[in-house]
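Enquirer: Got a structure for you, written out below as structure tokens; questions coming shortly.
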């Protein structure tokens, strides 16, 4: 799987619900960090410690490419950020990708998806910092 397929699989694990920027970033980080073999084709993500923890601009780039391909929806929210979700076609394709994974990987992605979407911004960032203190190095987060 390449990293674009991973982003689509993460989006599909939400069954049409959307992710905030921090949620999609942290989901991709957790999967990449804890199941690194899932991205076996092409460049992996390269997360760096940033303002709010682990960040890789390529997560957004892959989501935007998925939108161009008709597999994702990237929408402006009522705030200053975007939301990320699958299109109907993308949901179908993302589920196929998930189903092609070994069960432990599929279940992990599904659990991560649910977990990151269940938390508000501050709680999610704090939780990542507690579990991965190295990702706090350049933080501006004071929560």
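Any read-out appearing in this document is the output of simple, stated calculations on the displayed coordinates, not a laboratory observation. Everything numeric in this text was worked out from a predicted model, so none of it was measured. Because the Cβ atoms are built from the backbone with ideal geometry, glycine has one as well, and the counts that use them run over all protein chains shown.
Enquirer: Give the shape of segment 3-119 as rounded, prolate or oblate, defined through the alpha-carbon gyration tensor: a ≥ b ≥ c are the square roots of its eigenvalues, a/c under 1.5 means rounded, and otherwise the shape is prolate if a/b is larger than b/c and oblate if not.
Expert: Rounded.
Enquirer: Using a 10 Å cut-off around each Cβ, can you sort 97, 128, 140 from fewest to most neighbouring Cβ atoms? Mind showing how you got there, number by number?
Expert: Details: 97 20, 128 24, 140 7.
With the fewest neighbours first, 97, 128, 140 line up as 140, 97, 128.
Enquirer: How far is helix 57-68 tilted, in degrees, relative to the longest principal axis of the Cα atoms in the chain, given as a value from 0 to 90 rounded to the nearest 10?
Expert: 30
Enquirer: Continuing with the same structure: Show that you can apply the helix-only estimate: for the chain, add -39,500 (n - 2.57) for every DSSP H stretch of four or more residues, divide by all residues, and state [θ] at 222 nm to the nearest 500. Intermediate results must be reported in sequence, preceding the final value.
Expert: Working: 6 runs with 76 residues, N = 143.
Using -39500 (n - 2.57) per qualifying helix, the result is -16500 deg cm²/dmol.
Enquirer: What ranking of 32, 123 emerges when the number of other C-beta atoms within 10 Å of each C-beta is taken as an exposure proxy, fewest first? If you can, show how the numbers build up before the last one.
Expert: Working: 32 20, 123 11.
In order of increasing Cβ crowding within 10 Å: 123, 32.
Enquirer: Another question, if that's okay. Over segment 11-110, what relative contact order in percent results from Cα pairs under 8 Å that are six or more residues apart?
Expert: Values: 116 pairs, mean separation 37.9, N = 100.
After rounding, I find 38 percent.
Enquirer: List the residues of segment 19-45 whose backbone N lies under 17 Å from a point placed 7 Å from the Cα of residue 123 along the Cα-to-Cβ direction.
Expert: Flagged as within label range: 19-24, 26-27.
Enquirer: How do 46, 71 rank when sorted from fewest to most other Cβ atoms within 10 Å of their own Cβ?
Expert: Working: 46 10, 71 24.
Listed from fewest to most nearby Cβ atoms, that is 46, 71.
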